[in-house]
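For reference, the structure is listed below as structure tokens.
Bear in mind these aren't lab numbers, they're just calculated from the coordinates by the rules spelled out. The model shown is predicted, which means the values in this text are computed figures rather than measured ones. Heads up, the Cβs are rebuilt from the backbone with ideal geometry, glycines too, and the neighbour counts pull from every protein chain shown.
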Amino acid sequence: MGILKNEQVAEDCLLGMWEIKEDFNTLYSKIKLNKEEISTLESYKNYSRKVEWLSVRVLLKELIGKKSKIIYNEEHKPFLKDNSYNISISHSNRLTSVLLSKHKKVGIDLEYMSHRIKGISHKFINDQEVILQDPASESLHLYVHWCAKEALYKICDKNNINFKTNLTIRPFLLESRGLITGIHHDENIHDEYTLSYFIQDNYVTVYCCK
């Protein structure tokens, strides 16, 4: 299937999504890897992980028109080696997403709604957050909260952040797409972020550029 989305979602903020329907060899043929990248790819034992890894790099090439090497810091936060863009990456089930910006910080998360998230909600929902009690909407509402907090975690550089105590999503009206406000707070910080979300084909995607 290949690329599903290649869209400038805000000023200096490019969102790409790829639906993985290709096999390993097809994706491998779409991008030229150096020896270090081949070694990294071969280190993964799981076939699905190999395909995900390739899909990210193929999508990145499609978005910026050239191959660019992705590197990671000690917190496993991704960067482009040439520093041409800030980058955030997420994948779930058959979708891969990449968010890029030349000058802004970025964070993205997507999740395929495949399990009963309510069973773990106590680990990331705090007393200030409002969750719909309608059984038909509760799970979806929780997924949006989870994805929003993952996106915040990424944009805040993953430094000692507890999803329940340091991140809060302000109450919002659940729709198929919209804007929500997320807050990163501790004894020294109170930063607010506007996040965009959309729901499509049993996937929730939340992203932020700041």
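Scanning region 175-193 for residues that are of a type in the set (A, V, I, L, M) and closer than 16 Å to Tyr207 by Cα yields Leu179, Ile180, Ile183.
If the condition is being closer than 22 Å to Glu192 by Cα and either crowded, with 18+ Cβ neighbours inside 10 Å or in contact with a strand residue (DSSP E or B) (Cβ under 7 Å, 6 or more places away or on another chain) (or both), then region 93-120 contributes Leu99, Leu100, Ser101, Lys104, Lys105, Val106, Gly107, Ile108, Asp109, Leu110.
Out of the residues in region 129-165 that are without any contact (Cβ under 8 Å) to a residue 24 or more places away in the chain and part of a helix (DSSP H, G or I), which is surrounded by the most Cβ atoms within 10 Å (Cβ to Cβ)?
For region 129-165, the residue satisfying everything is Glu138.
Is it the case, given these coordinates, that Ser90 is buried (at least 17 other Cβ atoms within 10 Å of the Cβ) and in a loop (DSSP other than H, G, I, E, B)? Criteria not met by Ser90. Annotation for region 80-94: at least one member residue is within 15 Å of the chain's Cα centre (by Cα), under 23 Å from Ile38 (Cβ atoms) and among the β-branched types (Val, Ile, Thr). Under 17 Å from Glu7 (Cβ atoms) and part of a loop (DSSP other than H, G, I, E, B): does that describe Lys104? Taking the combined requirement at face value, the residue satisfies it. Of the candidates Ser176, Ser196, the single residue that is of a type in the set (Gly, Ala, Ser) and within 22 Å of Arg116 (Cβ to Cβ) is Ser176.
Of all residues in region 166-198, which are in contact (Cβ under 8 Å) with a residue 40 or more places away in the chain, of a type in the set (A, V, I, L, M) and surrounded by fewer than 19 Cβ atoms within 10 Å (Cβ to Cβ)? Passing the criteria: only Leu174. Going through (1) free of Cβ contacts under 8 Å to residues at least 40 places away in the same chain; (2) closer than 22 Å to Asp157 by Cα; (3) in contact with a Leu (Cβ under 9 Å, 6 or more places away or on another chain); (4) not in a strand (DSSP E or B) one by one, Asn83 falls short only on (3).
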